[in-house]
Amino acid sequence: MGFGHKKNHVSGDRVSGGHTTLIDGADRVVKKLGNTSWFHLVQPGVIRNARRGKASVTIRFHIDEAHKETLKLIFRRPGSAQNVYLHVPGLHEKLGEVVADITRVVGEKLRGIAIYDRTAERITEDVRGERDGVMDGDDDLAK
C-alpha cells in the first residue's frame, strides 16, 4: 500500500490530519518507511519558515502523554522545517528497530544529512526517575 505518487504529498488511509504536504526529502523518507512492518500512521505537521540551521532530521518522542506511541520527526531544510508524527503501536517494545529503520532510510534517501536521535535522552530520564522513586520508597520503609 502506497502513499500516492505525487511529489511532496502523501495520501491514503494511513495519513491522518489536515495536512498532506511534506517538505523536500521528507516525502521520500515517509513513503519508504510506509513499507516497514511497524509503520501504522503518519501525520504531517505545518511547514514553517526556518531562518538558519543546517539540514537535519531529529527523532524524538512526542511530548504529550496522550500520544506515547508516537515519534516526532523534525525535518529541517534550508529555509523550512516540518514536524512529522509517526504512530507506531507498541513503540516502546520496538523502539530499537524503529529508530534503526528511520536512521537507515534517512541515510539512504537524504545522503549527508545530520541525524539526531533524542529518544535515548528520554529513556535515560525515565529510568533515572524510576530509580530515584525506588530509592525514595526504600528510605520511607527504613524509617
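Derivation of every value follows stated rules applied to the coordinates shown; laboratory data play no part. None of the values given here were measured: they were computed from a predicted structure. For neighbour counting, all protein chains shown are included, and Cβ atoms are generated from backbone atoms with ideal geometry for every residue, glycine included.
Worth pointing out:
- Seen from SER37, the other residues with C-beta closer than 11 Å to its C-beta sum to a net charge of -1, counting Lys and Arg as +1 and Asp and Glu as -1.
- Amide hydrogen proximity for ASP117: with H placed 1.01 Å from N in the peptide plane, the residues at 5 or more positions away or on another chain lying under 5 Å are ILE59.
- Sequence ranges 45-54, 24-33, 88-97, ranked by mean other-Cβ count within 10 angstrom, highest first: 24-33, 88-97, 45-54
- Distance (nanometres) between label positions extended 7 Å along Cα→Cβ at ASN49 and HIS67: 2.4
- Estimated FRET transfer efficiency (SER37, GLU108; beta-carbon r; R0 22 Å; 0.05): 0.80
- In this structure, the pairs whose alpha-carbon distance is over 18 Å, taken from LYS72/LYS94; LYS31/LYS72; LYS32/LYS54; LYS68/LYS109; LYS54/LYS94, are LYS32/LYS54; LYS68/LYS109; LYS54/LYS94.
- Prolate is the label for segment 39-91, because a/c, from the alpha-carbon gyration tensor with a ≥ b ≥ c as root eigenvalues, is 1.5 or above and a/b exceeds b/c.
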